[in-house]
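Structure first, then comments.
All of the numbers you see were taken from the coordinates with simple rules; none came from a lab. On a predicted model such as this, the values are computed, not experimentally measured, just so you know. Cβ coordinates were reconstructed from backbone atoms using ideal geometry, including for glycine residues, and neighbour counts include every protein chain displayed.
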Amino acid sequence: MKATYQKYILNFKQASGTSRGILKTKTTYFLTLQHHSKIGYGECGVFKGLSADDRPDYEDKLQWLCSNIDKDEEFLLNELMEFPSIQFGLEQTLLSIKSKNPFVLFPSKFTRSEDSININGLIWMGSEAFMKQQISDKLKAGFSTIKMKIGAIDFETELALLKSIRKEFSSNEIELRVDANGAFNPKEALEKLKRLSDFELHSIEQPIKQGQIGEMADLCEKTPVPIALDEELIGVFDVTKKKELLQTIKPQYIILKPSLVGGIRGSEEWIDLAKNQQIGWWITSALESNIGLNAISQWTYKLGNKMPQGLGTGSLFTNNIDSPLEVRNGHLHYNNNKIWNFKL
């Protein structure tokens with residue numbers, strides 16, 4: 001078996017704002033396996049400034065994997081414990097090379113174009129006019145769940161945008177989620193959550209920065225808006241520590257990005273722990289290309305979670321990989337009339 005990797009820069013169609021700054025490009029790595037006539041593809045979607053494996057030795061670890069690809073999968077995954085996006089890339093390529101079709105990792109009604117995945121429409125931060133336009137576009141496109149990034153512009157303006165949606169659409173018609181990306185100060189977070197609760201939000205992601213365990217636990221206990229942990233899960237690799245984190249904070253939800261939490265194996269550990277504690281969960285992509293998004297989507301469908309998932313990021317880039325994935329009427333579809341065009 002021979003393994004190689006290649007760096008690839010994804011370019012955003014429009015600079016996308018979060019509370020951590022403006023994103024214009026996204027670096028990713030494609031992993032390819034060859035064994036006789038069989039070939040497998042995967043993506044190691046490191047997220048600069050966010051991933052636990054955003055480290056100077058990242059490419060060294062990729063090279064190590066390529067040099068040791070003939071070793072046992074369990075050994076490799078354990079050795080890659082601190083490199084969750086490489087773990088996920090390895091899982092994808094091994095599934096791909098074992099499949100009849102290298103792009104169909106989990107055959108299902110989804111991959112046969114017989115079913116789709118309900119997803120949320122993502123509203124990026126920006127000027128009030130830009131955010132209003134995005135909201136209008138998502139509603140016209142048939143989304144019944146909208147997720148709005150908050151925390152970078154004036155809070156009163158953000159409240160006004162939510163109010164304008166609720167004037168037109170009740171919580172039965174449009175589900176609203178917000179994502180603060182840790183932007184709130186712990187001292188003011190509860191008061192902001194109380195004000196946000198006026199708009200009957202489904203949930204808020206990561207209201208305060210990760211690592212403030214006591215403050216987050218206190219918020220989750222008192223919050224009028226269900227809290228979903230996102231960044232809080234990053235860098236927690238040991239299953240005992242995962243269990244302790246959930247038992248201590250007791251969130252209402254957790255959000256799983258396979259590239260950030262150790263791929264399929266790492267995500268399923270979190271899911272099992274969450275189920276045991278009656279904590280809700282859903283899956284979100286982390287700005288992968290369509291190679292990674294394809295794997296996440298097929299695996300997500302297999303899990304059978306009917307909540308809207310966060311898988312609508314494939315159309316953000318000018319130079320994404322042509323694929324059968326497409327968003328229609330607030331759902332992600334796998335259109336078998338379209339073909340993959342994966343040429344590097």
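Some notes on this structure:
- Segment Glu79-Lys241, extension gain: residue separation times 0.36 nm, minus the distance between their alpha carbons: 56.5 nm
- Point-charge dipole on Cβ atoms (K/R +1, D/E -1) for the chain, about Cα centre, debye to 20: 900
- Prolate/oblate/rounded call for the stretch 117-334, Cα gyration tensor, a/c under 1.5 rounded: oblate
- Scalar couplings 3J(HN,Hα) for the stretch 150-157, obtained by applying the Karplus form with A = 6.51, B = -1.76, C = 1.60 to θ = phi - 60°, are 10, x, 10, 9, 4, 4, 5, 5 Hz; x denotes Gly and Pro.
- Reducing the stretch 284-344 and the stretch 29-71 to their Cα centroids gives an inter-centroid distance of 20 Å.
- Fraction in percent of alpha-carbon pairs per bin - 5 Å, the stretch 213-344: 2, 10, 20, 20, 17, 13, 9, 6, 3, 1, 0
- For the pair the stretch 191-219 / the stretch 78-143, the C-alpha centres are spaced 26 Å from each other.
- Both the radius of gyration and Dmax for the stretch 187-253 are 11.9, 38 Å, in that order, over alpha-carbon atoms.
- Relative contact order computed over the stretch 60-189 (Cα-Cα under 8 Å; 6+ residues apart), in percent: 17
- Cα-based reach from Lys242 at 21 Å (exclusive), listing lysines while leaving out same-chain residues under 8 positions away: Lys209, Lys250, Lys257, Lys275
- Dividing the mean sequence gap of close Cα pairs (under 8 Å, 6+ apart) by how many residues the stretch 154-288 holds gives a relative contact order of 19 percent.
- 0 to 90° range, to nearest 10: angle between helix 213-222 axis and the chain longest Cα axis: 50
- Computed over the chain: relative contact order in percent, which uses C-alpha pairs under 8 Å that are six or more apart: 20
- Of all DSSP beta bridges confined to the chain, the antiparallel ones make up roughly 60%.
- Sequentially through the stretch 94-111, phi angles give Karplus couplings (6.51, -1.76, 1.60; θ = phi - 60°) of 5, 5, 5, 6, 8, 8, 4, 10, x, 9, 10, 8, 10, x, 6, 4, 5, 6 Hz, Gly and Pro residues having no value and appearing as x.
- The stretch 2-98 shape via C-alpha gyration tensor axes, a/c threshold 1.5: prolate
- Length released on extending from Cys66 to Leu303, taking residue separation times 0.36 nm less the Cα-Cα span: 82.3 nm
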